[in-house]
């Protein structure tokens, strides 16, 4: 099944549009759109094309620098969104303080992101995107659906329990597999596979958002014994972890790879996922 050339051209055009929108506004919607579109382009050029030109390599390098900086802003956006949905009567003052600290930290990283989006950088990126649109060769014989399934199989070959670090690895791989599968021509099989990956990505991503927030709150407020707010966040994250594990175990798209894994460890680490550190910066006492 060949690569969908129309989809490829669309992603190249959308990357330029989302980049221009990001340079004008760094609101949550623009940041998220740029990150996902540039990730899709990265998947196309790195996983589906056997060779990359010098222009494509330089393009990926420039986009990666901006995406990493935008990622710090995005991390704070999802933490703020999660925190605002948390309804607990305990420690309203600390919840307000944590919210303000996240807002301040977001402004700091937004400013750093703006400094990357110079006129010269934007000009070069647009030039390289237009060149890539003309030069990228898509006649590779690579089947995006096969590539996506190979990604999932590779992620599950370690024989480890479904712990937080393993689930974090699946989060990254499922996202990339979905982006690869999106470049397959439209078919019933592709649509079904993408729907499975989307459901899986949503469940694991929801857990990771709350895990990141729990890390940040713990770093500022203390552990579960010191803060009822942190204890509540830990409980929510534990529930999200179990739902993500259940979604992964039940997903048809991941079943073949999971056959080699032992039964899931349903209790998240009390260390709150030490192998996937969050974005934490102190801007003052939260006491």
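Taken together, the values in this text are just the output of simple stated rules run on the coordinates, not laboratory data. Note that the structure is predicted; figures quoted are calculated from it, not measured. Cβ atoms come from the backbone with ideal geometry, glycine included; neighbour counts cover every protein chain shown.
The table for this structure:
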{"quantity": "Residue order, fewest to most beta carbons within 10 Å, for 208, 234, 100", "calculated": "100, 234, 208"}
{"quantity": "Gained length - residue 223 relative to residue 99, 0.36 nm times residue gap less alpha-carbon distance", "calculated": "42.9 nm"}
{"quantity": "Kirkwood Rh, angstrom, the stretch 1-141 [1 / mean 1/r, Cα pairs]", "calculated": "16.6"}
{"quantity": "Value of Rg to Rh for the stretch 82-211 (Rh from inverse mean 1/r over Cα pairs, i.e. Kirkwood)", "calculated": "1.09"}
{"quantity": "Ranking of 242, 106 by count of other Cβ atoms within 10 Å, fewest first", "calculated": "242, 106"}
{"quantity": "Quotient of C-alpha Rg and 2.2 N^0.38 Å, computed over the chain", "calculated": "1.07"}
{"quantity": "Förster-model FRET efficiency, 45 Å R0, residue 10 and residue 88, C-beta, rounded to 0.05", "calculated": "0.55"}
{"quantity": "Computed [θ] at 222 nm, helices only, for the chain once each DSSP H run of length n ≥ 4 contributes -39500 (n - 2.57)", "calculated": "-24000 deg cm²/dmol"}
{"quantity": "Ordering of 54-62, 161-169 by packing [mean C-beta count within 10 Å, highest first]", "calculated": "161-169, 54-62"}
